Structure formats: C-alpha cells, structure tokens
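Enquirer: My questions all concern the structure below.
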C-alpha cells in the first residue's frame, strides 16, 4: 500500500479472514459467487506481499524486496487481468454475456503473460523504490518498444472493467463502477504510484463484494425460484 508496511499488513489482517469467511459462505450457499468471494483473500495476500516490499526497501535487503515485489506483481500484472473476467463469467447465467466474458478472460491471460513474464527474467530490469510516501514499480514489458505505457494502462482497464459492467448482476456492475472511480481518482492524484494505490483501493472495495453476496443471498431466499441473484 502507499503509506507503510504497517498499513499493508493491517489491510491484509482484515482482508484475509473476511475472504476466508466469504469463500466458506459462497461454497455453501452461493457457488456462483465463489470466485468473487475469493477477491478479499487474494487481495489480502497481495497486500501482505507489499508489506514485505516495504520491509525490504527499509532494510536495504535487495533480495527480499525483489522477491516480494515479483510476488506482488504476479497478482497485479498477471492474475487479476485473467481472474476478474473469469469471476464474471463464473457468475453470469446468460450465454451471450458468458461468451464475451470468456473472451476477455483469454485476452487477460495473454495480456498478463506479456506484462508479467519480463519481470521474472533476469535479463529484464525491475526497479522498486519510494516516491512521495508510496512504493513505485518500474516494470519492463515485452512490448515496451512497440506500445506506449499509457496505451498498456488503457488496455489493462479495458480488460478488467468491461466484464464487470457487462454482468447481468447489478451488484457486480456497481462494483465495476466503484473500481472505475478508484482508477480515475488514482490516475488523477497518485499516478506516480498507480499500481500500488489502485490495487489498495480495489482491495478495500473488494469488501463490498461480501456485502453484495449477502444481499444476493437474501434476495434469492425472498424471491421466487428462477430469479437471477
């Protein structure tokens, strides 16, 4: 996160148990929500890794810093572009929307490979440091010589956000809108630490998914069979 190791670990301490509860609840009562229910848990692990990055940078332990940073970037650069569309696909009952979401999941997987793999190869330099009380990740991409970084950032958003906004579940569309607002706010105020800050805000917003799942469960119990929830 963009403040301190303590803040990152505190976020993880909240997200991990909430995520475990949500997963248990989803598997028992709302299997379609299982992947979305995993969001807080995964974000908790990611925040814990950034806490380790803070410790590594503060102590000057280069090996610890880069090991934790590569773990963190696995989620930000590879996991989320594929998993977000997959979660939307898993929940979606409508065939046409499911096909679109499946396509986004495949594109996210390929995009993730292209953006993450260079950062685990020794021949590509990864730079991690402090800037304005935030952690910055200066990554290297396979397509750096072909596509500007701004275009890559737009492509990332175009893979993450549309599957959420396409969902027939209005609660997921609300989540997509919140994530979009978080991106706009981060881009405007914390562009120097876009990866770190947007991921933190998305992690906090993932707690909304637990409320959304509970709301959907209540609606399913109250509504006649066949109601989308």
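The values are calculated or read from the model by the stated rules, or taken from the named source; none is laboratory data. Values in this document were obtained by computation on a predicted structure and should not be read as measured data. As a convention, Cβ positions derive from the backbone with ideal geometry for all residues, glycine included, and neighbour counts pool all protein chains shown.
Enquirer: Starting from the range 47-63, take each residue that is within 16 Å of residue 136 (Cα to Cα) and list its partners that are surrounded by fewer than 20 Cβ atoms within 10 Å (Cβ to Cβ), counting only C-beta distances under 6 angstrom and pairs at least six apart or across chains.
Expert: 49/71; 51/5; 51/9; 54/5; 55/5; 56/64
Enquirer: Considering 24, 10, which residue is under 21 Å from residue 190 (Cβ atoms) and surrounded by fewer than 20 Cβ atoms within 10 Å (Cβ to Cβ)?
Expert: 10
Enquirer: Would you check which residues across the range 179-212 are crowded, with 17+ Cβ neighbours inside 10 Å, touching a strand residue (DSSP E or B) at 6+ places or on another chain (Cβ under 8 Å) and part of a helix (DSSP H, G or I) and list them?
Expert: Answer for the range 179-212, where residues must be crowded, with 17+ Cβ neighbours inside 10 Å, touching a strand residue (DSSP E or B) at 6+ places or on another chain (Cβ under 8 Å) and part of a helix (DSSP H, G or I): 193, 195, 196, 197.
Enquirer: Just one of 104, 111 is in contact with a helix residue (DSSP H, G or I) (Cβ under 9 Å, 6 or more places away or on another chain), closer than 22 Å to residue 209 by Cα, in a helix (DSSP H, G or I) and in contact (Cβ under 8 Å) with a residue 24 or more places away in the chain; which is it?
Expert: Just a single option satisfies the conditions, and that option is 104.
Enquirer: Another one. Does any residue of the range 36-43 turn out to be assigned to a loop (DSSP other than H, G, I, E, B), surrounded by fewer than 22 Cβ atoms within 10 Å (Cβ to Cβ) and within 17 Å of the chain's Cα centre (by Cα)?
Expert: Yes; the residues of the range 36-43 include at least one that is assigned to a loop (DSSP other than H, G, I, E, B), surrounded by fewer than 22 Cβ atoms within 10 Å (Cβ to Cβ) and within 17 Å of the chain's Cα centre (by Cα).
Enquirer: May I ask you to list the residues in the range 114-125 that are surrounded by fewer than 17 Cβ atoms within 10 Å (Cβ to Cβ), touching a helix residue (DSSP H, G or I) at 6+ places or on another chain (Cβ under 7 Å) and in a helix (DSSP H, G or I)?
Expert: Matches in the range 114-125: 120 only.
Enquirer: Follow-up question, since we're still on this one. Can you confirm whether residue 89 is farther than 20 Å from residue 198 by Cα and in a helix (DSSP H, G or I)?
Expert: yes
Enquirer: Do we have any residue at all in the range 165-183 that's without any contact (Cβ under 8 Å) to a residue 12 or more places away in the chain and touching a helix residue (DSSP H, G or I) at 6+ places or on another chain (Cβ under 8 Å)?
Expert: yes
Enquirer: Here's a follow-up. Which condition number in (1) in a helix (DSSP H, G or I); (2) at pLDDT below 95 is the one that residue 128 fails?
Expert: Going through (1) in a helix (DSSP H, G or I); (2) at pLDDT below 95 one by one, residue 128 breaks only (1).
Enquirer: A further question on this structure: Looking only at the range 64-80, filter to residues that are free of Cβ contacts under 8 Å to residues at least 40 places away in the same chain and more than 11 Å from the chain's Cα centre (by Cα); which one of those is surrounded by the most Cβ atoms within 10 Å (Cβ to Cβ)?
Expert: The qualifying residue surrounded by the most Cβ atoms within 10 Å (Cβ to Cβ) is 68.
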